[in-house]
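Visitor: Please read through the structure below; I'll follow up with questions.
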Amino acid sequence: MKTGIRLKKHIIRFKYLYIMIFPVLLYYAIFMYVPMNGLQIAFKDYRPSMGVLRSPFIGLRHFTSFFSSFYFTRILRNTLLISFYDILFGFPAPIILALILNQLRGIWFKRTVQTITYLPHFVSTVIICGMMVDFLSRNGWVNALLSQITGIEPILFLQRPDWFRSIFVGSGIWQELGWGSIIYLSALSSINEEFYEAARIDGASRWQQLWNITLPCLMSTIIIMLILRVGRVMNVSSEKVLLLYTPNTYETADVISTFVYRKGLLESNYGYATAVGLFNAVINFVMLVSVNSLSKKVSESSLW
């Protein structure tokens, strides 16, 4: 009884906050949780004419078919390698940019750099990929520059499998570099200036201040963001891959998300595509829980 009264008072006190969060909860309920009912398609020979409930149950047939298929090893390797390169090179990039911007004293120059690095985030992926296609074409400015500097023949970047991962990850870093640095700049702004003043009095250099004050204070934010990133290790943008890859680059560009797209939408094999997508989600969940548990053991930072 007392718990109910306290809850009622709490809701009345913070009613405007609950009103603000209600549309968000409604969005996730409708578009994230209700569609989970469709996951049972992964275990059925789904036929649109029969519906989800009446389609015949086939157990793990879709999963065994996927694991034994020719494409399984290739798309799993490509997905993991692209995500690994993105974590290795893309994850530290916003941190480095935030640390550099934090050291700048000229407000005008600092804001200019921030604005320039933020802008690509607001450009759609379609336009970014179109720019990449133009820049890296035979007559694009990249080949023109290389030809003037080194005199080499034009390179067909988007036709060569060995270049695809570098182009994909590099363009992603360029697009999200500035936007990703915002959260680290916010964390840096919360560091007490008295720490730096005490360090300067003790004769600490900028590098020593960075190593002994800035990075330790920033570490909890870095760990949380890394956990979240590893939890999406199997998610590679299908839209961007579809816009950049060609039949010549399938061997390094084909990933799980594009495979699901082909099977589900182009071949109308909905049950098979759902099974592959469910496998993808389970791997992400396992990675998230594992990395969070590891972080909890080696540090004081974790998601739960």
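The values are calculated or read from the model by the stated rules, or taken from the named source; none is laboratory data. Because the structure is a prediction, the values reported are computed rather than measured. All Cβ positions, glycine included, derive from the backbone under ideal geometry; neighbour counts span all protein chains shown. What goes into the accessible areas is simple: the full protein's heavy atoms, side chains included, and nothing from ligands, DNA or RNA. Shrake-Rupley method; radii C 1.70, N 1.55, O 1.52, S 1.80 Å.
Visitor: Given Thr73, Thr64, Thr79, which one is of a type in the set (S, T, N, Q) and either in contact with a Ser or Thr (Cβ under 7 Å, 6 or more places away or on another chain) or within 20 Å of Leu228 (Cα to Cα) (or both)?
Guide: That would be Thr79, the only listed residue that is of a type in the set (S, T, N, Q) and either in contact with a Ser or Thr (Cβ under 7 Å, 6 or more places away or on another chain) or within 20 Å of Leu228 (Cα to Cα) (or both).
Visitor: Cβ-Cβ distance below 9 Å, separation of 6 or more or different chains: which pairs start in region 229-248 with a residue that is closer than 30 Å to Val289 by Cα and touching a residue at least 12 places away in the same chain (Cβ under 8 Å) and end on one that is basic (Lys, Arg) and surrounded by 20 or more Cβ atoms within 10 Å (Cβ to Cβ)?
Guide: Correct list of pairs: empty, since none qualify.
Visitor: Find the helices (runs of 4 or more DSSP H) located wholly in region 217-271 whose residues include 1 or more that are open to solvent by less than 60 Å² (accessible area, probe 1.4 Å) and over 13 Å from Thr79 (Cβ atoms), and list them.
Guide: The helices (runs of 4 or more DSSP H) meeting that bar are 238-244.
Visitor: Taking into account only those residues within region 194-215 that are over 29 Å from the mean Cα position of the chain (by Cα) and among the aliphatic types (A, V, I, L, M), which is surrounded by the fewest Cβ atoms within 10 Å (Cβ to Cβ)?
Guide: Selected residue: Ile201.
Visitor: Report yes if Phe84 is open to solvent by less than 80 Å² (accessible area, probe 1.4 Å) and either closer than 22 Å to Val236 by Cα or of a type in the set (Lys, Arg) (or both), otherwise no.
Guide: It is false that Phe84 is open to solvent by less than 80 Å² (accessible area, probe 1.4 Å) and either closer than 22 Å to Val236 by Cα or of a type in the set (Lys, Arg) (or both).
Visitor: Of a type in the set (A, V, I, L, M, F, W, C), over 26 Å from Arg74 (Cα atoms) and either open to solvent by 50 Å² or more (accessible area, probe 1.4 Å) or over 20 Å from the mean Cα position of the chain (by Cα) (or both): which single residue out of Ile191, Ile95 fits that description?
Guide: It is Ile191.
Visitor: Is it the case that some residue within region 282-301 is basic (Lys, Arg) and either touching a residue at least 12 places away in the same chain (Cβ under 8 Å) or touching a helix residue (DSSP H, G or I) at 6+ places or on another chain (Cβ under 9 Å) (or both)?
Guide: no
Visitor: Taking the condition of being open to solvent by 100 Å² or more (accessible area, probe 1.4 Å) and either within 13 Å of Tyr270 (Cβ to Cβ) or not in a helix (DSSP H, G or I) (or both), how many residues in region 27-70 meet it?
Guide: Going through region 27-70 one residue at a time, the tally reaches 5.
Visitor: What do you reckon, is Ala198 among the small types (Gly, Ala, Ser), assigned to a helix (DSSP H, G or I) and without any contact (Cβ under 8 Å) to a residue 24 or more places away in the chain?
Guide: yes
For (1) open to solvent by less than 50 Å² (accessible area, probe 1.4 Å); (2) touching a Lys or Arg at 6+ places or on another chain (Cβ under 9 Å); (3) under 19 Å from Trp174 (Cα atoms), each residue gets a yes or a no:
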{"position": "Gln103", "(1), (2), (3)": "no, yes, no"}
{"position": "Ile107", "(1), (2), (3)": "no, no, no"}
{"position": "Thr115", "(1), (2), (3)": "no, no, yes"}
{"position": "Leu119", "(1), (2), (3)": "no, no, yes"}
{"position": "Ser137", "(1), (2), (3)": "yes, no, yes"}
{"position": "Gly140", "(1), (2), (3)": "yes, no, yes"}
{"position": "Leu146", "(1), (2), (3)": "no, no, no"}
{"position": "Ile152", "(1), (2), (3)": "no, no, no"}
{"position": "Ile155", "(1), (2), (3)": "yes, yes, no"}
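Visitor: Turning to a different aspect of this structure: Among (1) open to solvent by less than 60 Å² (accessible area, probe 1.4 Å); (2) free of Cβ contacts under 8 Å to residues at least 12 places away in the same chain; (3) over 28 Å from Ile95 (Cα atoms), which single condition is Ser124 missing?
Guide: (3)
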